[in-house]
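*Asks:* What follows is a structure written as structure tokens; I'll ask about it next.
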Amino acid sequence: MARILAYTPPALGHVFPLVPGLLEMQRRGHEIQVRTAPDAVAHLRAAGLSAEAVDERILEVEVTDFRAANDAERLRSGQRDLIDRGRFDGPDLDRTVERLRPDVLLVDCMAYGAQIRAQVSGLPWAMTLPSLLPLRERGIPPYGLGLAPRAGITGAVRDALMWPVVEKMFGKAMLPGINELRSAAGLTALASPLDLYDQPDAVICMTGAPLEYDRSQLPTSVHMVGFQPWDPPAAAPDFIDEPGDPWILVTCSTDYQGDESLARTAVEALRDQPFRVLLTLADAYEKADLPDAPNITKVKFVPHGPIMGKLAAVVTHSGMGIVGKATCAGVPIVAVPFGRDQPEIARRITEAGVGVSIPAKKLTPPKLRQAVNAAVAMRPRVVEVARGLAESDPAAAFADAAGALVSTPNTAR
């Protein structure tokens, strides 16, 4: 058996999806070590995994894309911050490898410095991706814009014209900083941001149907293992079981993204509707100035897993963590994307028929009220999707993909 080191940035949405697969690998006899967000360490240890916090200097680099005035600046500032973090997470991985002597590395897609150091380590390694796969393929719309698939010659022409534009846009934001880190490590420069997915021995993508489009040309190194929803074990709050109107969960990002306007609009939209509304505000809790209403319950955080079975719908910023949990639980989604990968996720939600979406810039109380009612009516379809997902074993698929690296040649010193 092998010693596996999993390395993530300090973001719960990037470590919690690893837990089911890592526990399955541990059950199969592998030794698992996780280096991750400080506030995840106790939860992982309680789950039975060995975990420790990343270098605290990584956390001191704030991801500030939520302050951007437009989408282009949001992309540039977010990538700049991630690359600045990479100046610390690369050396942090080096020190951890030297100390723990792992046989295999699993490195998150957003830990750029750690990816580079994994590549030069000589160890077999995989990129872990807890979101949609952005690789180009015939019939797949350009990633990140939230475009609907379009068949026929018009779709082929649109995609052929737009994919290079999207590559250039992401490349302009990402490649100068990434290639600077690669040059310092003695690696050649990348010509496209999509080249990042050619560097590891494997890419383990923790999404799948129904949100991923059908693909027929995936490299053999890319593994689509399916959603891996996980929350620390917790009981549902007592109030969730009290008799009354159906519950709607409105949730802001656990990684602050300036999305408290979603909560404010939800209060205005639903305060006089036949629903009870649970607002989970996370880091927006102190920043959101919300009016009171008798059917609104405001909390900083509540575990999502234990309450999923109580919900009529979820209203969300379109983060993949909550979207995956809701889809697997058969709960319809109202997606309100603010940035990052969220517009693409929102598009997939609507294409899959598991929810509806409203762009954040067009969000109003009447539109949100209408969207919630439309989503609630979709429940039979979403429940059917969840039943299909329950027939698969994503944790086993993850463990199979990561475990295959154990037999990959190790060229480390």
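*Asks:* Give the aspartates and glutamates whose C-alpha is closer than 15 Å to that of K361, dropping any in the same chain fewer than 8 places away, or say none.
*Replies:* Those aspartates and glutamates meeting the cut-off are D71, D259, E260.
*Asks:* Going by alpha carbons, how many degrees (0 to 90, nearest 10) lie between the helix axis of 152-184 and the longest principal axis of the chain?
*Replies:* 60 degrees
*Asks:* A further question on this structure: If the chain between S221 and N410 were fully stretched, how many nm would it gain, using 0.36 nm times the residue separation less the Cα-Cα distance? Intermediate results must be reported in sequence, preceding the final value.
*Replies:* On the way: separation 189, 0.36 × 189 = 68.04 nm, distance 1.67 nm.
Net length gain for the segment: 66.4 nm.
*Asks:* Non-local amide H neighbours of I333 (under 5 Å, H modeled in plane, Pro and chain starts lacking H): which ones?
*Replies:* Under 5 Å from the amide H of I333 lie the amide H atoms of V314, G355, V356, each far enough along the sequence or on another chain.
*Asks:* In Å², what does the accessible area per residue of segment 149-301 work out to with a 1.4 Å probe? Don't jump to the answer; show the numbers that get you there.
*Replies:* Details: 7330 Å² over 153 residues.
In whole numbers, segment 149-301 has 48 Å² accessible per residue.
*Asks:* Another question, if that's okay. When you have a sec, figure out the Kirkwood radius of segment 113-175 from all distinct Cα pair distances and drop it here in Å to one decimal?
*Replies:* Values: mean 1/r = 0.0719 Å⁻¹.
About 13.9 Å for segment 113-175.
*Asks:* Using only Cα atoms, tell me the angle between helix 71-100 and the longest principal axis of the chain; keep it within 0 to 90° and round to the nearest 10.
*Replies:* 50 degrees
*Asks:* Keeping all protein chains in place and using 1.4 angstrom, which order do L23, L279 fall into by accessible surface area, from largest down?
*Replies:* Details: L23 55, L279 0 Å².
Solvent-accessible surface, decreasing: L23, L279.
*Asks:* Sticking with this one: Put one equal scatterer on each alpha carbon of segment 129-216, apply the Debye formula with no solvent term, and list log10 I(q)/I(0) at q = 0.18, 0.19, 0.26 1/Å to two decimals.
*Replies:* Once normalised to I(0) and log-transformed, intensities are -0.90, -0.98, -1.36.
*Asks:* On alpha carbon coordinates alone, what is the Rg over Rh value for the chain, Rh being the Kirkwood radius? Intermediate values should be presented prior to the final figure.
*Replies:* On the way: Rg = 20.9 Å, Rh = 21.9 Å.
Value, to two decimals: 0.95.
*Asks:* Using a probe of 1.4 angstrom, how much of the accessible area of the chain is carbon and sulfur, in percent? Could you put the intermediate results ahead of the total?
*Replies:* On the way: 9110 of 17280 Å².
The nonpolar share, carbon plus sulfur, comes to 53 percent.
*Asks:* In units of 2.2 N^0.38 Å, what is the alpha-carbon radius of gyration of segment 164-274?
*Replies:* On the way: Rg = 21.6 Å, N = 111, 2.2 N^0.38 = 13.2 Å.
In units of the globular-protein estimate, segment 164-274 measures up at 1.64.
*Asks:* Continuing with this model, one more query. In 5 Å bins starting at zero, report the fraction of Cα pairs in segment 14-63 per bin as a rounded %.
*Replies:* Going from the shortest bin to the longest, the percentages are 5, 21, 30, 20, 13, 7, 3, 1.
*Asks:* Along the charge dipole of the chain, which of F88, A335, C109 sits closest to the positive end, that is, farthest toward it, with unit charges on the beta carbon of Lys, Arg, Asp and Glu (+1, +1, -1, -1)?
*Replies:* Selected residue: A335.
*Asks:* What's log10 of I(q)/I(0) for segment 173-214 at q = 0.24, 0.29 Å⁻¹, Debye sum over Cα points only, no solvent?
*Replies:* -0.86, -1.02
*Asks:* Then there is this: If DNA, RNA and ligands are ignored and the probe is 1.4 Å, what is the ranking of R158, R57, R387 by accessible area, most exposed first?
*Replies:* R387, R57, R158
*Asks:* Using θ = phi - 60° and the Karplus form 6.51 cos²θ - 1.76 cosθ + 1.60, what ³J(HN,Hα) does each residue of segment 347-353 get, whole Hz, x for Gly and Pro?
*Replies:* 4, 5, 4, 5, 5, 7, x
*Asks:* Say the dipole of segment 133-212 comes from +1 at the beta carbon of Lys and Arg and -1 at that of Asp and Glu; which of C205, A148, G171 then lies farthest toward its positive end?
*Replies:* A148
*Asks:* Now a separate question. Only loop residues by DSSP count here, and only those with at most 13 other Cβ atoms within 10 Å; note down the trypsin sites (Lys or Arg not before Pro) in segment 82-146 that meet that.
*Replies:* Here the trypsin sites (Lys or Arg not before Pro) that fit, given the DSSP loop and packing criteria, are R138.
*Asks:* Could you work out how much longer the chain between K300 and R136 gets when fully extended? Use 0.36 nm per residue separation minus the Cα distance between them, nm to one decimal.
*Replies:* Values: separation 164, 0.36 × 164 = 59.04 nm, distance 3.86 nm.
Between K300 and R136, full extension yields 55.2 nm more.
*Asks:* Can I ask one more? Using only the heavy atoms of the protein chains and a 1.4 Å probe, how would L278, L12, L145 rank by accessible area, largest first?
*Replies:* Details: L278 0, L12 50, L145 70 Å².
Result of the area sort, largest leading: L145, L12, L278.
*Asks:* Still on this model: Where the convex hull is taken over the Cα atoms of segment 1-117, what is its projected area averaged over directions, in nm²?
*Replies:* Numbers: hull surface 28.7 nm².
So the Cα hull casts an average projection of 7.2 nm².
The values are calculated or read from the model by the stated rules, or taken from the named source; none is laboratory data. In this text, all values refer to a predicted model and were calculated from it rather than measured experimentally. Cβ atoms come from the backbone with ideal geometry, glycine included; neighbour counts cover every protein chain shown. To get the accessible areas, we keep the full protein, side chains included, count just its heavy atoms, and leave off ligands, DNA and RNA. Shrake-Rupley method; radii C 1.70, N 1.55, O 1.52, S 1.80 Å.
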